[in-house]
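The values are calculated or read from the model by the stated rules, or taken from the named source; none is laboratory data. It should be emphasised that the depicted structure is a prediction, and the values quoted were computed from it without experimental measurement. Cβ placement follows ideal geometry from the backbone for every residue including glycine, while neighbour counts extend to all protein chains displayed. Heads up: the accessible areas ignore ligands, DNA and RNA and are worked out on the full protein's heavy atoms, side chains in. Shrake-Rupley method; radii C 1.70, N 1.55, O 1.52, S 1.80 Å.
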Amino acid sequence: MAQRIVVDPITRIEGHLRIEAEVDESNVIREAYSSGTMVRGVEIILRGRDPREAWAFAQRTCGVCTTVHSFASIRAVEDALDIRIPKNANLIRNIMIAQQFVHDHVMHFYHLHALDWVDIVDALNADPAETARIASSISNWPHSSPGYFSDVQKKVKGIVDSGQLSIFANAYWGHPAYKLPAEINLLAVAHYLEALDAQADFVKVHTVFGGKNPHPNFVVGGVPFPIDPDSDMALNAQTLSIVGEAIDKMLAFTYQVYLPDLLAIAPYYKDYAALGEGVGNFLSWGEFPEDDIRNPGSYLVPRGAILNRDLSTIHEVDPADFGQVKEFVKHSWYKYSGGEDVGLHPWEGETEFNYTGPQPPYDFLPVEERYSWLKAPRWKEHPMEVGPLARVLMLYATGNARTKELVDKTLGLLDAPVEALFSTLGRTAARAIESAVYVDAMAKWYKDLIANIAAGDHDTFNETRWDPKTWPKHAQGVGITEAPRGALGHWVVIDDQKITNYQQVVPTTWNASPRDHKDQAGAYEMSLVGTPLAVPDQPVEILRTIHSFDPCMACAIHMVDANQQTLGDTMVMPSTIVQMFSKSNIKTAPVLTLGDLKK
Ligand code: NFE
Ligand code: MG
């Protein structure tokens, strides 16, 4: 009997995501639906504001990718007002953006995604001496003695014996889909814990360049601090060396822990090299300009689109072209003045809520109608996947040497063809592979920065357009970046020195999008089709593939409901609730609403 499985909320992500999957008699997913279930209002908050302060509001879209919306925002305003930034500022921005990638990917791999593959409880069955032997055979990382892993095991035992699994609660421990030997489970748990500390080291890059993290400081026109080797109040040799040490730690962790762990775990999950493909189309805005954002040809990560898996043709993309990026709302809880079948380019985008869904608790979303707070962005009307896999494909297709080396090594280990990249495993591997490319680049930009400062260039800020009197009466700009989860763009329209429209088209909006005006599914929705579930009421397979995209719903919906009144009943569910429904026998798990939380 066909049935529909609902996973709501998907945990170990940022924000509120609901997946509904139609499963056939053989427990294979035939259709899937992705819904963003909470709405917030940054695009609306920004209207009427000074464009120079937009970054500080846009940044609050999300606390995970804590820099990316600021970069998109200041670049949009710089594009609108035709501002170029100094060389030092470009290098510092590149280092900060790359830091965000590596930090975010390490956190995702160990703290958000690993537990889909690693059975924490089974680590108790491991022989620490054998774990030590495996660890030393794959890496020079120093924490690799039997005593070290034995201590980690004791720590895990303490947690399990306490009966309170805390951060390790609510997973399907013991599920037959977990395939790792106990020794590798123990290795991964040890690195889960080490990765917590590593983040504290990595983040120093942002605390030096941005004053703090999350949410560092920014400025339109450059970076918000002077360089002066003789001053304690400026970026100087001492503060720069903190950045250098952090980059060294990121290099070591990426090459000695993250990549070896990926390669140690992946061979046990080869079936996921043939599962979880999305739409087969990939989009990258590109990132890391050599000198000037206006010159996409100089980017480390190329700008472009790949259609139908065809790596031989990189299509040119232009975020300023009204015919390319459009957002559709036929299946989304928004209203467009021109009707539900039109798509709007972000410069003419509209943000008007139109909730037509059921009041919870309910069984299923009306997926034939509107069912998500996410719009459906499309490139030339194609659904696109964005993110690590899109970027790695772009780097691979254009011959980036480090990418080719690591992709070929991974495929060789799995004895898999290049098509295996279009998969859950490919997406997860891409995140580690691109991290290696970016830490290498960070080390180079750091050297370039020091050399440039040493040569006497201390310039960090272009003030020519700071005075609004120098601005045109009307201006519009687009700021692009690559965020950890994929292509990110902010489009700003400025009239009489104030923002009159602001639209964010965000990585997770692309990937988690609902169906569009042509009923084409988004990447999450497509990626689940064809996946068999071993135990349908413990759908770890759904989590694996959805987590491989690293969802961030706060970014995707990018709004906060200021009054929480009309939306008070739309689904805030603080614990994992997996509801399994058969159409004839509907069980409904208890659902907490915002109203309950306020009591
Ligand atoms: Ni909230 Fe975000 C990233 C952005 S994802 S994490 O990466 O932009 O949609
Ligand atoms: Mg938007």
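Surface composition of the chain: carbon plus sulfur atoms contribute 52% of the solvent-accessible area (1.4 Å probe, protein chains only, all chains present). Over region 265-340, the fraction of Cα-Cα pairs per 10 Å bin, rounded to whole percents and listed from the shortest bin up, is 15, 28, 30, 23, 4, 0. Helices in the chain, meaning DSSP H runs of at least 4 residues, each add -39500 (n - 2.57). Divided by all residues, the mean residue ellipticity at 222 nm is -10500 deg cm²/dmol.
Label region 152-224 by shape, choosing from rounded, prolate and oblate, from the square roots a ≥ b ≥ c of the eigenvalues of the Cα gyration tensor; if a/c is under 1.5 it is rounded, and otherwise prolate applies when a/b is larger than b/c, oblate when it is not. Here region 152-224 falls in the prolate category. The separation of region 207-224 from region 142-181, counted between C-alpha centres, amounts to 38 Å.
Stokes-Einstein diffusion of the chain at 25 °C, 0.890 mPa s viscosity, Kirkwood radius from Cα pairs, rounded to a whole number: 99 µm²/s.
Relative intensity of region 126-254 on a log10 scale, I(q)/I(0) at q = 0.10, 0.17 Å⁻¹, equals -0.52, -0.94, per a Debye sum over C-alpha point scatterers of equal strength in the absence of solvent.
With θ taken as phi - 60° and the Karplus curve 6.51 cos²θ - 1.76 cosθ + 1.60 applied, the whole-hertz 3J(HN,Hα) list for region 287-295 is 7, 6, x, 4, 9, 9, 4, 6, 10 Hz, x standing for glycine and proline. Relative contact order of the chain, taken over Cα pairs closer than 8 Å and 6 or more residues apart, is 27 percent.
Extending 7 Å from Cα along the Cβ direction at Asp291 and again at Glu369 yields two label points whose distance is 5.7 nm. Taking 0.36 nm per residue of separation and subtracting the current Cα-Cα distance, fully stretching the chain between Asp24 and Tyr362 would add 119.5 nm. Taking all protein chains into account, the per residue accessible area for the chain stands at 36 Å² (1.4 Å probe). Along its three principal directions, the equivalent ellipsoid of region 383-528 from the Cα gyration tensor extends over semi-axes of 35, 28, 9 Å, largest first.
If R0 is 30 Å, the Cβ-Cβ spacing of Lys409 and Asn125 corresponds to a FRET efficiency of close to 0.50. Placing a label point 7 Å from the Cα of Gln497 along the Cα-to-Cβ direction, the residues of region 456-474 with a backbone N closer than 14 Å are 465-474.
For the set Lys212/Lys326; Lys154/Lys179; Lys498/Lys518; Lys157/Lys409; Lys155/Lys204; Lys335/Lys473, the pairs lying more than 24 angstrom apart at their alpha carbons are Lys212/Lys326; Lys498/Lys518; Lys157/Lys409; Lys155/Lys204; Lys335/Lys473.
Pairwise Cα distances in region 184-224 exceed 17 Å for 48 percent of all pairs. Residues of region 325-342 falling in the label zone of Lys518, defined by backbone nitrogen less than 15 Å from a point 7 Å along Cα to beta-carbon, are 325-330, 341-342.
Under a no-solvent Debye model with one identical scatterer per Cα of region 41-153, what's log10 I(q)/I(0) at q = 0.11, 0.13, 0.15, 0.23 Å⁻¹? Once normalised to I(0) and log-transformed, intensities are -0.61, -0.71, -0.80, -1.30.
The Cα center of region 238-293 and the Cα center of region 336-386 differ in position by 32 Å. Residues whose amide H lies under 5 Å from that of Lys330, counting only those 5 or more places away or on a different chain, are His517; hydrogens are built 1.01 Å from N in the peptide plane. Efficiency by 1/(1 + (r/R0)^6): what FRET value for Thr470 and Asp50, r their Cβ-Cβ distance, R0 = 22 Å, to the nearest 0.05? Result of the calculation: an efficiency of 0.95.
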